[in-house]
Amino acid sequence: MSDESFSVICTLITGRTLEQAKGMHGGKTEEEYKQAVDKAFLSPEVLDKLSLKEGDEAIFKTSYGQVRVRVYADAGLPSDVVFVPMGPTANALVGSDTDGSGMPSFKGLQVEVSKP
Amino acid sequence: MNVERNVVCTFCGCLCDDINLTIEDNRIVKVEKACGNGRGLFEGYDPVPKRPKIMGTEASYQEAVNEASRILKSARYPLIYGLSSTSSEAQRMTVQLAELIGASIDSTSSVCHGPTGLAMQAVGEPTCTLGEIKNRADLLIFWGCNPLVTHSRHFARYSAMPKGRFVPEGRRDRKVIVVDVRRSETAKSADMFLQIKQGCDFEVLLALKALVMGRSLDAVEVGGIPVKLLQQLAGEMKACRYGVIFFGMGLTMTKGRDLNVRGVLSLVRELNDHTRFSALPMRGHGNVTGADQVMSWLCGYPFAVNYSRGYPRYGPGEFTAVDLLCSGEADCMLVIASDPAAHFPAPAVRHMETIPVIAIDPMESLTAAKASVYFPTAMYGVDCEGTAYRMDGVALRLKAPLKRQRPSDEEVLQALIEGVKSC
């Protein structure tokens, strides 16, 4: 893991958003869908801690993969949780191990968020 | 121009059946009463005939059937996946094909409410219809779900807002409580919001059950929620006339999975010693409930079924799509009305890129765009009739407001069955 002053360890959750659903209707190969799912939401505290502004890029790293995405504030999130809309960006981070259930770890993985 | 009234919207498990569509020249030009997602489903849908594709190149229907049948027949471990956005008639045909080729068959349930199925098999299903909830429920708890985004008309048609027989004042007669990790859109419109610590649902549900049973807890807080607040919630649950817990993927996708849902179901079972209480999963895709129903009638199990020995075997974690792809076992995949390339973890998608994939879908999804064989089909409930099951298990007949010009999913599956038999 990187130097603590440049990264924060959080818990990743993924899920649906209105924007993602709207983009899906237009087609998943269209720009609107890509913009809707190629982003992440952080608490304002984490944004401040990493000296990031809304729309800046950050690096998200889990034990399964790494992505570089634009980040936005969501005051409804606890300071230790990040939210990524479901889609190819989230899929690069989530776990493929289903613990014998068939369900991958779409929520609850540890993620390191750092400033590029 | 004509207006088709009371059309069923098949976008989500609400299956709202009051949609009005204005149709001109076999195109939908106006959509009334639908939510944004429903409008997205109907608006812009073009029923014109489209040619199938083999390796991205247009081909005749018969050529595509022949190639897909050859792939299915020659596979050693075929995987069939999807089913939740097609009619129950097509789902039934899919099970027939799975049995014929000795495939593993799995629905999108495995990556949404599959763990709920496991919990129901262990505890039972304290269920009810959305009609009962509309007419009777005075306490609504939404746990790990965000219906204002995912099921936009749920509040208005079935749960929080409608005036019912025993709740004549609608929203004023009901209390809405949200339990979630984040202050979601739904949480903002609730009377009470409990912000739970991520991954602590099972502990909180167990603590609530203990409180409902009259036990005391030797703790100040559980899962980030003060015990005093949990005591208040337990009291309100016992005191209501008719309560419901709606639960979503906040429970099924997080640590504990089916154990979290067991927590909900056993809490509700306990509450029925005090009052009337039910639990209902917020089912996502329009006919994912139908996929569980049809698979259960025909195979005896709701998802994760394997036919390689000629009879159905059940194996979540073994015969589920993500597991079969990540282990590299599946050597061919037939996808019906679903888009795993957009929604599966990257290692599963990477394996899909190494095996022949056959896609049957009205829209050219990310899966269809990369498929070895792609069949563009009619959309159920738009230009194809059929049956779908609402999230509460109520079956609805789907009309076809547009004239069909493409084959239905069912017709393609029938052709594949015949094609495999003649290979």
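Restricting attention to region B:336-378, report how many residues are closer than 22 Å to B:TYR77 by Cβ, in contact with a helix residue (DSSP H, G or I) (Cβ under 6 Å, 6 or more places away or on another chain) and hydroxyl-bearing (Ser, Thr, Tyr).
3
Of (1) buried (at least 22 other Cβ atoms within 10 Å of the Cβ); (2) modelled with pLDDT of 90 or more; (3) not in a strand (DSSP E or B), A:ALA36 satisfies all except one. Which?
Going through (1) buried (at least 22 other Cβ atoms within 10 Å of the Cβ); (2) modelled with pLDDT of 90 or more; (3) not in a strand (DSSP E or B) one by one, A:ALA36 breaks only (1).
Can you tell me which residues in region A:72-89 are farther than 19 Å from A:LEU52 by Cβ and either assigned to a helix (DSSP H, G or I) or more than 7 Å from every other protein chain (Cβ to nearest Cβ) (or both)?
A:PRO88
Filter region A:91-116 for residues that are within 11 Å of chain B (Cβ to nearest Cβ) and touching a Leu at 6+ places or on another chain (Cβ under 8 Å); which is farthest from A:GLU45 (Cα to Cα)?
Going through the qualifying residues, I end up with A:SER101.
Restricting attention to region A:3-23, which residues are assigned to a strand (DSSP E or B) and either within 16 Å of A:ALA90 (Cα to Cα) or modelled with pLDDT under 90 (or both)?
Narrowing region A:3-23 to residues assigned to a strand (DSSP E or B): A:7-15.
Once the filter is applied, which keeps residues that are assigned to a strand (DSSP E or B) and either within 16 Å of A:ALA90 (Cα to Cα) or modelled with pLDDT under 90 (or both), region A:3-23 yields A:CYS10, A:THR11, A:LEU12, A:ILE13, A:THR14, A:GLY15.
Does A:LYS49 qualify as being away from chain B (no Cβ under 13 Å) and either touching a Phe, Trp or Tyr at 6+ places or on another chain (Cβ under 7 Å) or of a type in the set (S, T, N, Q) (or both)?
So A:LYS49 does not fit the description; no.
Would you point out which residue out of B:SER87, B:SER159 is over 26 Å from B:GLY386 (Cα atoms) and modelled with pLDDT of 95 or more? Spell out how you get there, then give the answer.
Details: B:SER87 fails: over 26 Å from B:GLY386 (Cα atoms).
Checking each option against the conditions leaves just B:SER159.
Residues that are of a type in the set (D, E, K, R) and more than 14 Å from every other protein chain (Cβ to nearest Cβ): list the helices (runs of 4 or more DSSP H) wholly contained in region B:35-138 that include at least 3 such residues.
Qualifying helices (runs of 4 or more DSSP H): B:61-74, B:88-101, B:130-136.
Considering every residue within region B:150-167, establish whether at least one is of a type in the set (Val, Ile, Thr), part of a loop (DSSP other than H, G, I, E, B) and more than 14 Å from chain A (Cβ to nearest Cβ).
No, region B:150-167 contains no residue that is of a type in the set (Val, Ile, Thr), part of a loop (DSSP other than H, G, I, E, B) and more than 14 Å from chain A (Cβ to nearest Cβ).
The values are calculated or read from the model by the stated rules, or taken from the named source; none is laboratory data. No experiment lies behind these values; they were computed from the predicted model shown. Reconstructed Cβ throughout: ideal geometry from the backbone, glycine too, with neighbour counts over all protein chains shown.
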